[in-house]
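The values are calculated or read from the model by the stated rules, or taken from the named source; none is laboratory data. Only a predicted model underlies this, so the values are computations on that prediction, with no experimental measurement involved. Backbone-built Cβ (ideal geometry, glycine too); neighbour counts: all protein chains shown.
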Amino acid sequence: MRSKGAPASKSSTAKVSLNLWACPSSTPAILKSLLRLLHFRRTFVEKMFAIHGKVQLLKRDNTPLGTYARHYYAGQAEVIAMLKSAEYAAIKKDYDEISRTHFEKGYFYPEGMSFAQSGALFPSAELAKAIGDEYEAQCTLLCYGPHPSWEEIQAR
């Protein structure tokens, strides 16, 4: 996570999925705790950068996306509104500044800081096939219950 911490909110851990069975004696204390969580808008933008970078490595070095393929599993109505907002530009700028400062060697940013031409989000047919295969494999392993198919993700 590459963030200065905004936007964020405090949320009861009761809303967070925890494996409480692993430490039942701490359950009452855990449920009373508050966690500072980044809002999905921030994490969504971070996932776009992460996917873009991993697809650049896939194209350049044929490095598999691995667990990063799961990041395609997103898409809420709020996301569309956020992508049209000034907040989106501010989050991208913040992420870019932090990444260029602290992660220069492994940082891949989209041309012109626009994801409109990113092969990660708008892949060629050949690249979409490779990404889709990894997406389906990862979601089968990591998602509990049904998940959108790669075709459904591409249609969004």
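You will find that of 63, 101, the residue that is in a loop (DSSP other than H, G, I, E, B) and either farther than 22 Å from residue 126 by Cβ or out of contact with any Ser or Thr (no Cβ under 7 Å at 6 or more places or on another chain) (or both) is 63 and no other.
It is to be established whether one or more residues within segment 98-108 are on the phi > 0 side of the Ramachandran plot and surrounded by 12 or more Cβ atoms within 10 Å (Cβ to Cβ). Checked against the condition, which is being on the phi > 0 side of the Ramachandran plot and surrounded by 12 or more Cβ atoms within 10 Å (Cβ to Cβ), segment 98-108 yields no hits at all.
Each row is one residue, and each column tells you yes or no for (1) closer than 21 Å to residue 40 by Cα; (2) at pLDDT 85 or above.
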{"residue": "55", "(1), (2)": "no, yes"}
{"residue": "77", "(1), (2)": "yes, no"}
{"residue": "92", "(1), (2)": "yes, yes"}
{"residue": "111", "(1), (2)": "no, yes"}
{"residue": "119", "(1), (2)": "no, yes"}
{"residue": "136", "(1), (2)": "no, yes"}
{"residue": "142", "(1), (2)": "yes, no"}
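Among the residues making up segment 104-127, those that are farther than 14 Å from residue 54 by Cβ and in a loop (DSSP other than H, G, I, E, B) are 114, 122, 124.
Applying the set (1) more than 14 Å from residue 53 (Cβ to Cβ); (2) at pLDDT 90 or above; (3) of a type outside the set (Asp, Glu); (4) outside any helix (DSSP H, G or I) to residue 130 leaves exactly one unmet item: (4). Of the residues examined, residue 145 is not one that is free of Cβ contacts under 8 Å to residues at least 60 places away in the same chain, of a type in the set (Gly, Ala, Ser), outside any loop (DSSP other than H, G, I, E, B) and over 30 Å from residue 93 (Cβ atoms). Here are the criteria: (1) of a type in the set (Ser, Thr, Tyr); (2) under 26 Å from residue 143 (Cβ atoms); (3) loosely packed, with under 12 Cβ neighbours inside 10 Å. Tell me which single one residue 114 does not satisfy. Of (1) of a type in the set (Ser, Thr, Tyr); (2) under 26 Å from residue 143 (Cβ atoms); (3) loosely packed, with under 12 Cβ neighbours inside 10 Å, only one is false for residue 114: (2). Scanning segment 108-132 for residues that are over 15 Å from residue 59 (Cα atoms) and of a type outside the set (Gly, Ala, Ser) yields 111, 113, 115.
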